[in-house]
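Chemist: One structure, pasted below without further comment.
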Amino acid sequence: MPGTAKIEFDDAVLVERCRQGDSAAMERLIVKYQDRIYNVILKMCGNRDDAAELTQDTFVKVIENIGKFRQQSSLYTWVFRIAVNLTLNYCQRKARVAFGSLDAEEVGLANGAGAALKEYLYDRREPVPADVAENKELCELVIKLLMKLDETYRAVIVLRDIEGMDYAQIAEILEVELGTVKSRLSRARNGLREMLEALTR
Amino acid sequence: MSGEGQMSMDKIDELLNSFVDGELTPREQTEVERLILHDAKIAARLGALKACKLLVGSVPVARAPAGMAERIMTRIRMGTETAEGQEIVEIRKGGRHLMARRLLAAAAMIALVAVLAGVIYTIVASQPGADRSTVSETWQKSTGKAVKLQQIAGSAGSTMKVEPFEGQLVLVTRDLVAVDAFINKAIETNGLQYSVTKDPIGGNMYSVQCAVSGLNTLLGEIETVWTRLDTATLLVFDGKAEYVTIEDVGAGQVGRIVNERSIKERIRLAKDFSVLNNIDRMLPGKEILAITTERNIGLINIPKPVLTSGEKSAKAGVVQQPGGGVRLTIVVTAAD
């Protein structure tokens, strides 16, 4: 499980040491979470450089505000909340992605990806995740389609399907009701499914 | 599809998503499983959702670029340095703020001292010029003891009309018998016109009618009794049913007020003494009254009659003022 409801002992120690200005503890905290934070930010913003910058911003904010962390939630949730909020702000500022018409050319769907997508969507056999992950073109397509979603829907689907958080954690991070998480996730997946189906027509 | 139908579909979608994510209660899960079994359309929808979820979840995890932690640490250190720089600025600002506060405090102290000085000055300066010019102070040896004598010589010759004084002096003491006897004797000895009534709570009320000079003499004699008092309060009436109360009043202050020529001046001086005494009560060392009594001894002390010889001539020395009689009720009462 990526996150836990209560703060782990290790995190509590890290937090305390960070508060005391222990640089080694700060570095340890960064190393512990940097990949996951970077991955989520990248899937939300779609740009490696921006994701790297936002990841740095996240950890700088985390360290700067570690004294305000009241340990009522897990450090994991708190760090992700900062990361997601920074990324959502960034996305809204940039307004890079918007819902709109979708065609294969715009998304850059290669012939190979199109075929793989059709096979994936209409093959009645249970798909194997490893096979999907190996299909680089299909993965790139998914990332591009994710960018077509509204950032609030994108955030929910990334936190659930990529980071593997449960609904309660997502609600805590996004500071919304559990019902809102459910409805956003439903809309996000439906939107994604519709886009995928549109590409195969 | 109708709105109601759409809502229903949205609800089903939410349930299916929750089913896929394992977020349903056992009861809801059973419900959804039954739906899937009986509705091929819903089963297809569930399949699509699962595929979608798997597709997104299958996207490879990206790792943070190399050196990310070092770069973050560098930024944090730089930020700390900047923060420290700002802290120094803040400390400097704080220092300036502290200095400003000290200056303000000093200014407030100066202002307070100025106000007090003003009050003291008005008290000191309120001694009528005519009186002050005619006050003769002589030091005579009387039975080997230095006695300060003052004469308000100008009182008799003054043509300025003196307004009558009316007031009440309340002396509270635990040594009621001795103090009462002392006051009584002093009034009688000085030949002052008076009447006495019993105070309901114990003690006596002496209604004294005399000239200002007569009261000066009386005050001069009873001044020593102040050490045996718990409290002494003077009420100065303004002739219009209003009065000023001076708590912890001294014999000298009573004398000073009575010796003012007009009611207006008496009221003003009474108010000044009232403020002064109130402030003095709040100060631990009684500095204010110490200043007024030590530095202005000739002015604050009770004007006493001149002794022109070694014989007891206090009564003879009393110079009666034209008009301006004194009506003072001296209440000698017991402390609780």
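Please treat every number below as a calculation from the coordinates, not as lab data. Owing to the predicted nature of the structure, the values given are computational and were not obtained by experimental measurement. All Cβ positions, even for glycine, are placed from backbone atoms using ideal geometry, and neighbour counts span all protein chains on display.
Chemist: Give the order of B:Met9, B:Met109, B:Met73, A:Met44 when sorted by the count of other beta carbons within 10 angstrom, beginning with the fewest. Could the numbers behind the result be given before it?
Modeler: On the way: B:Met9 14, B:Met109 10, B:Met73 18, A:Met44 27.
So the residues, fewest neighbours to most, are B:Met109, B:Met9, B:Met73, A:Met44.
Chemist: Using 25 Å as the Cα-Cα cut-off, could you pick out the over-long pairs in A:Lys136/A:Lys182; A:Lys68/A:Lys144; A:Lys136/B:Lys53?
Modeler: A:Lys136/A:Lys182; A:Lys68/A:Lys144
Chemist: Between B:Asn184 and B:Ile279, what's the calculated FRET efficiency when r is the beta-carbon distance and R0 is 30 Å? Round to 0.05.
Modeler: So the FRET efficiency works out to roughly 0.30.
Chemist: For A:Met165, what residues show an amide H to amide H distance below 5 Å, using hydrogens built from the backbone and excluding near sequence neighbours?
Modeler: Sorted by chain and number, the residues that satisfy this are A:Arg160.
Chemist: Right, something else. Between B:Ala335 and A:Glu16, what is the label-point separation in nm under the 7 Å Cα-to-beta-carbon projection?
Modeler: 6.1
Chemist: Work out from phi, with θ = phi - 60° and the Karplus expression 6.51 cos²θ - 1.76 cosθ + 1.60, the ³J(HN,Hα) of each residue of the range A:77-87, listed in order in whole Hz, and give x for Gly and Pro.
Modeler: Working through the residues one at a time gives 5, 5, 5, 5, 4, 4, 4, 5, 4, 4, 6 Hz.
Chemist: Let me ask you something else. Can you tell me the length gained on complete extension of the stretch B:Arg77 to B:Gln209, counting 0.36 nm per residue apart and subtracting the Cα distance?
Modeler: 38.6 nm
Chemist: Show me, for the range B:225-239, the HN-Hα J-couplings you get by feeding each phi into the Karplus relation (A = 6.51, B = -1.76, C = 1.60, θ = phi - 60°), rounded to Hz, glycine and proline as x.
Modeler: Those phi angles translate into 6, 4, 5, 9, 9, 7, 9, 9, 10, 10, 10, 9, 8, 9, x Hz.
Chemist: What Kirkwood hydrodynamic radius, in Å, does the range A:9-94 give when the mean of 1/r is taken over all pairs of distinct Cα atoms and then inverted?
Modeler: 13.0
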